[in-house]
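Bear in mind that the values in this text are calculations on the coordinates, not laboratory data. All values reported here derive from a predicted model rather than from experimental measurement. Glycine also receives a Cβ, built like all others from the backbone with ideal geometry; neighbour counts cover every protein chain displayed.
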Amino acid sequence: MTELLPVAVLGARGRMGSEAVRAIGAAPDLDLVAALGSSDPLESLVSAGAAVVVDLTVPEATASNVRFLVDHGMHAVVGTTGWTADRLAELEAQLAGSPATGVLIAPNFALGSVLASAFAATAARYFESVEIIELHHPDKVDAPSGTAARTAQLIASARAAAGVPLAPDATRDELDGARGARVDGVPVHSVRLRGLTAHQEVLLGSPGEQLTIRHDSYDRASFMPGVLLGIRSVAGHPGLTVGLDGYLDLQTGGRS
Ligand SMILES: NC(=O)C1=CN([C@@H]2O[C@H](COP(=O)(O)OP(=O)(O)OC[C@H]3O[C@@H](n4cnc5c(N)ncnc54)[C@H](OP(=O)(O)O)[C@@H]3O)[C@@H](O)[C@H]2O)C=CC1
Ligand SMILES: O=C(O)C1=N[C@H](C(=O)O)C[C@H](O)C1
């Protein structure tokens with residue numbers, strides 16, 4: 001008989017964590033050995049024998065959780081937002097001392113969202129203007145979304161590599177926030193509305209034409225294939241990977 005992979009979930013009672021607990025429980029190759037809430041000690045992961053730990057908590061807790069996991073040689077699949085450039089740099093430095101450990105930081109586990117961000121980055125060099133609108137449920141604690149921040153970074157670096165100048169904008173009289181937040185120079189507008197789950201539009205414009213790239217998650221079930229892919233793949237990708245696209249071959253549609 002093949003051995004089951006021992007997996008644990010942090011934030012197990014949350015909206016995403018509870019969905020992940022169900023998905024892992026239904027996967028024939030995975031064994032859910034721990035499901036922790038905010039008051040449970042991380043040390044219990046060690047006695048539970050977790051090999052892969054999924055973090056679906058809060059921005060203020062995720063970096064210290066992952067530090068603990070790497071210290072204890074556990075692979076981490078992280079969906080939680082709040083990973084600033086400084087936090088990522090600290091994690092990379094820690095991982096240098098633990099070369100067999102894999103960490104996946106995935107701002108969005110929905111395959112459609114990963115593709116939409118990749119399409120937007122491809123398109124961004126060909127248009128004069130680009131802006132992002134992200135729309136979420138009103139219980140979300142962070143803005144802009146991690147997905148929007150990541151999409152903006154991908155767009156900005158694709159435009160910079162192609163020598164595309166910043167989008168034109170003649171605004172000089174502005175109510176604070178009216179033009180959104182700037183992420184690497186890309187305006188990002190955040191909507192919080194009851195009834196929504198997780199949605200994003202990238203608007204690209206040039207003289208006489210517009211391209212809109214939109215993705216909708218109507219249900220957290222949309223994130224589960226990506227969570228399971230991350231769990232099954234993380235040990236084979238030592239070091240830090242940011243974005244589920246790092247585990248997908250987007251050119252051929254295969255999995256790396
Ligand atoms: N990558 C992706 O595809 C997705 C990512 N997300 C991200 O995942 C994260 C969780 O989202 P969501 O499930 O909606 O949020 P919830 O608020 O529903 O759940 C968060 C959970 O985190 C736990 N928690 C709170 N504080 C701490 C702490 N200090 N230490 C450890 N755990 C803590 C809570 O546990 P308790 O209930 O026990 O207090 C709670 O159950 C967010 O950052 C969100 O942006 C969300 C959807 C998709
Ligand atoms: O909080 C959420 O709900 C989501 N968070 C992630 C983000 O901030 O991008 C992923 C998805 O958008 C849902």
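Hull volume per residue, based on the alpha-carbon atoms of the stretch 134-185 and their convex hull, is 88 Å³. Take each peptide in 5-13, 215-223, 101-109, count the other Cβ atoms within 10 Å of every residue, and average; sorted highest first, the result is 101-109, 5-13, 215-223. Once a ≥ b ≥ c are taken as the square roots of the eigenvalues of the Cα gyration tensor of the chain, is the result rounded (a/c under 1.5), prolate (a/b larger than b/c) or oblate (a/b not larger than b/c)? Because a/c hits 1.5 or more and a/b exceeds b/c, the chain counts as prolate.
Put the Cα centre of the stretch 83-108 next to the Cα centre of the stretch 114-146 and the gap is 23 Å. Just to confirm the number: angle between the C-alpha axis of helix 111-124 and the first principal axis of the chain, 0 to 90 degrees, nearest 10? With rounding to tens, the tilt is 30 degrees.
Candidates GLY177, ALA23, TRP83 compared by Cα position along the dipole of the chain: farthest toward the positive end lies ALA23, with charges placed on Cβ. Applying the Karplus relation 6.51 cos²θ - 1.76 cosθ + 1.60 with θ = phi - 60° to the stretch 6-12 yields 3J(HN,Hα) values of x, 10, 10, 10, 9, x, 5 Hz, where x marks Gly and Pro.
Give the peptides 146-157, 233-244, 162-173, 38-49 in descending order of average Cβ contacts within 10 Å, highest first.
146-157, 233-244, 38-49, 162-173
State whether the stretch 130-245 is rounded, prolate or oblate according to the following rule on the C-alpha gyration tensor (a ≥ b ≥ c being the square roots of its eigenvalues): a/c under 1.5 gives rounded; otherwise a/b larger than b/c gives prolate, and the remaining case gives oblate. Taking the square roots of the gyration eigenvalues as a ≥ b ≥ c, the stretch 130-245 is oblate.
When each of the peptides 24-33, 91-100 is scored by the mean number of other C-beta atoms lying within 10 Å of its residues, the order from highest to lowest reads 24-33, 91-100.
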